[in-house]
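**Student:** Once you've had a glance at the structure underneath, I'll fire off some questions.
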Amino acid sequence: MASEHRLLRNARLFTALDEAVIEPGAVWIEGDRIRFAGAQADLPELPADCDVTDVGGKFVMPGMTETHAHLSFADSSPFAIGATTVETATITAVRNADLMLRSGFTSAISFGSTYRIDVALRDAINGGRIKGPRLMAAGRDLGATASNVDSPGGLSQIADGPWALRQAVREQRKQLVDVVKIFIDGEAINPVNPPGELSFCDEEVAAIVDEAHRRRLRVACHARSAAAVKQAVRAGVDFIGHANYVDDEAVDLLATAGKRIYVGPAIAWEVQYYAQCESLGVSKETVRAQGYVAEIEATKVAVAKMRAAGIKLVVGGDYGISIAPHGTYAKDLEYFVDLFGMPPAEALICATRNGGEAFDPKGRAGVLRDGAWADLVIVDGDPMTDIRVLQDHSRLSVYKAGRAV
Ligand SMILES: [Zn+2]
């Protein structure tokens with residue numbers, strides 16, 4: 001039998017506890033947990049049967065967390081996400097889970113599933129029947145009548161009023177989801193629910209969050225405008241997706257919510273929609289008129305404000321549509337560096353430690369230290385000088401729970 005102990009030595013080690021690179025660094029793994037991560041010179045005495053691997057100076061970092069995952073999305077047109085049949089969506093979801101893990105993302109927070117696919121996917125992953133990241137599973141997107149998600153197909157669950165919404169949350173609890181995804185405002189392409197137009201009233205969001213938290217579920221929301229972000233924070237939502245247009249009051253509220261709230265800009269959609277709109281039969285002029293170029297610029301300002309206020313930003317970008325397909329998740333770090341002006345180390349912290357904290361409040365994910373899950377990525381390249389290297393799967397060796405993927 002192989003040893004339960006494994007040592008990775010001669011690493012350029014990024015623990016994500018801070019922004020430092022330790023060289024030479026070492027990681028001692030016992031079973032599915034880390035026993036030590038730090039300078040090689042500080043290694044404690046190892047068991048005699050420890051399996052030792054010299055990683056040859058490669059970069060070793062924690063596994064990343066995709067915090068806005070849609071594993072059940074089948075890389076179809078962004079205008080027809082919910083139209084994929086349950087059969088096709090399920091088959092591609094199994095493939096997507098494997099792809100996400102091989103992309104260096106060892107955990108994922110779902111921001112909505114078509115049908116009930118996430119729950120089945122999570123259980124199959126945890127049961128060892130398929131490969132995939134640790135998954136916080138969502139149910140269908142929960143929205144009000146005339147919200148952005150009020151469309152036919154497998155994506156939505158519609159309810160209005162606090163009691164009906166409490167019942168919807170209870171139904172999702174019965175279906176064994178971990179997180180409830182709600183739509184607080186909408187999209188520039190949606191004439192009945194653009195950003196800034198709140199599709200729920202305050203009582204409705206408060207009822208959803210109260211019911212979810214009492215049932216030990218967390219709540220994720222789509223919130224683009226300052227008004228939507230404020231409604232989310234006041235109601236106690238856990239994860240905010242987008243936050244493109246925050247004002248000073250929204251930033252103050254987020255800062256007060258402090259440690260318990262995580263914000264993911266999820267800018268891949270806007271960037272790739274503008275870059276590839278012609279493939280969808282939409283002209284650049286139309287995309288500008290729809291306001292998406294302005295939305296990218298607003299998001300840069302919003303992210304700068306949130307960084308200055310110390311808001312916890314996370315990586316995760318709505319991947320799973322034709323123009324931003326599965327497997328390209330690490331492009332988010334490139335956007336964090338190129339669009340938002342973060343040093344690579346800060347983008348790495350967003351992808352690892354911040355995302356890991358969002359996924360597991362007990363601190364076992366996204367960092368390399370004694371007691372953490374042995375989820376890590378060995379990179380043949382240097383993300384500190386070129387963050388794009390993380391997009392090349394052939395340069396990544398991924399470990400989940402101490403085992404090579
Ligand atoms: Zn989404």
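What follows is calculated from the coordinates using simple rules that are stated; it is not laboratory data. Remember, predicted model here, so these are calculated numbers, not experimental data. Don't worry about glycine lacking a Cβ; one is built from the backbone with ideal geometry, like all the others, and counts go over all protein chains shown.
**Student:** Hey, what number do you get for the chain at 222 nm if only DSSP H runs of n ≥ 4 count, each worth -39500 (n - 2.57), divided across all residues, to the nearest 500?
**Tutor:** Result for the chain: -9000 deg cm²/dmol, rounded to the nearest 500.
**Student:** If you don't mind, there's one more thing I want to ask. Assign unit charges at the C-beta atoms only (+1 for Lys and Arg, -1 for Asp and Glu), then state the dipole size of the chain relative to its Cα centre in Debye, rounded to the nearest 20.
**Tutor:** So the magnitude is around 940 debye.
**Student:** Name the residues whose placed amide hydrogens come within less than 5 Å of the amide hydrogen of residue 374, ignoring near sequence neighbours (fewer than 5 apart) on the same chain.
**Tutor:** Residues meeting the amide H criterion: 33, 34, 401, 402.
**Student:** Just for the Cα atoms in the chain, what are the lengths along the principal axes, largest first, rounded to whole Å?
**Tutor:** On the principal axes, the chain reaches 65, 42, 42 Å in Cα extent.
**Student:** Separate question: List, in order, the whole-Hz ³J(HN,Hα) value for each residue of the stretch 54-70 obtained from phi through the Karplus relation with A = 6.51, B = -1.76, C = 1.60 and θ = phi - 60°; use x for Gly and Pro.
**Tutor:** For the stretch 54-70, the Karplus curve yields 8, 8, x, x, 6, 7, 10, 9, x, x, 8, 10, 8, 8, 9, 9, 9 Hz.
**Student:** Each residue of the stretch 5-10 in turn: what ³J(HN,Hα) in whole Hz from Karplus with 6.51, -1.76, 1.60 and θ = phi - 60°, glycine and Pro shown as x?
**Tutor:** Each residue's phi maps through the Karplus curve to give 10, 9, 10, 9, 10, 6 Hz.
**Student:** Another question about this same structure. Can you check what the net charge comes to around residue 247, using other residues whose Cβ is under 13 Å from the Cβ of residue 247 (Lys, Arg +1; Asp, Glu -1)?
**Tutor:** Computed value for this residue: 0.
**Student:** Tell me which residues come under 5 Å, amide H to amide H, from residue 219 once H is placed; ignore anything under 5 positions away on its chain.
**Tutor:** Those lying under 5 Å, H to H, from residue 219 are 180, 238, 239.
**Student:** Still on this structure: Given the options 184, 158, 109, which has the most mean-square fluctuation in a GNM of the chain, springs set between C-alpha atoms less than 10 angstrom apart?
**Tutor:** 158
**Student:** With axes computed from alpha carbons, what is the tilt in degrees of helix 202-214 against the longest principal axis of the chain, rounded to the nearest 10 within 0 to 90?
**Tutor:** 30 degrees
**Student:** Then there is this: Over the chain, with a Gaussian network built from C-alpha contacts below 10 Å, which listed residue (143, 291, 25) shows the highest mean-square fluctuation?
**Tutor:** Comparing 143, 291, 25 in a Gaussian network model of the chain, the most mobile one is 291.
**Student:** Still on this model: List the residues whose amide H sits under 5 Å from the amide H of residue 314, counting only those 5 or more places along or on another chain, with H placed 1.01 Å from N in the peptide plane.
**Tutor:** 263, 264
**Student:** Continuing with the same structure: Spelling out what I want: for every residue of the stretch 387-400, take phi, set θ = phi - 60°, compute 6.51 cos²θ - 1.76 cosθ + 1.60 (Karplus), and round to whole Hz; glycine and proline get x.
**Tutor:** Result, ordered by residue: 5, 5, 4, 5, 7, 9, 4, 5, 9, 10, 10, 10, 10, 10 Hz.
**Student:** For a footprinting-style exposure proxy, rank 221, 201 by other Cβ within 10 Å, fewest first.
**Tutor:** 201, 221
**Student:** Between helix 86-102 and the chain, what is the angle of the helix's C-alpha long axis to the longest principal axis, kept within 0 to 90° and rounded to the nearest 10?
**Tutor:** 40 degrees
**Student:** Scan the chain and report its longest stretch carrying no trypsin sites (Lys or Arg not before Pro) that are both in a DSSP loop and have at most 12 other Cβ atoms within 10 Å.
**Tutor:** 217-361
**Student:** In what order do 8, 43, 390, 217 fall by count of nearby beta-carbon atoms within 10 Å, going from fewest to most?
**Tutor:** With the fewest neighbours first, 8, 43, 390, 217 line up as 43, 217, 8, 390.
**Student:** Of 326, 70, 5, 213, how do they rank once you tally other Cβ atoms within 10 Å and put the fewest first?
**Tutor:** By the 10 Å Cβ count, ascending, the order reads 213, 5, 326, 70.
**Student:** Got the relative contact order for the chain handy, in percent, Cα pairs under 8 Å and 6 or more residues apart?
**Tutor:** Relative contact order of the chain: 20 percent.
**Student:** Helix 226-235: angle to the longest alpha-carbon principal axis of the chain, degrees 0 to 90, nearest 10?
**Tutor:** 70 degrees
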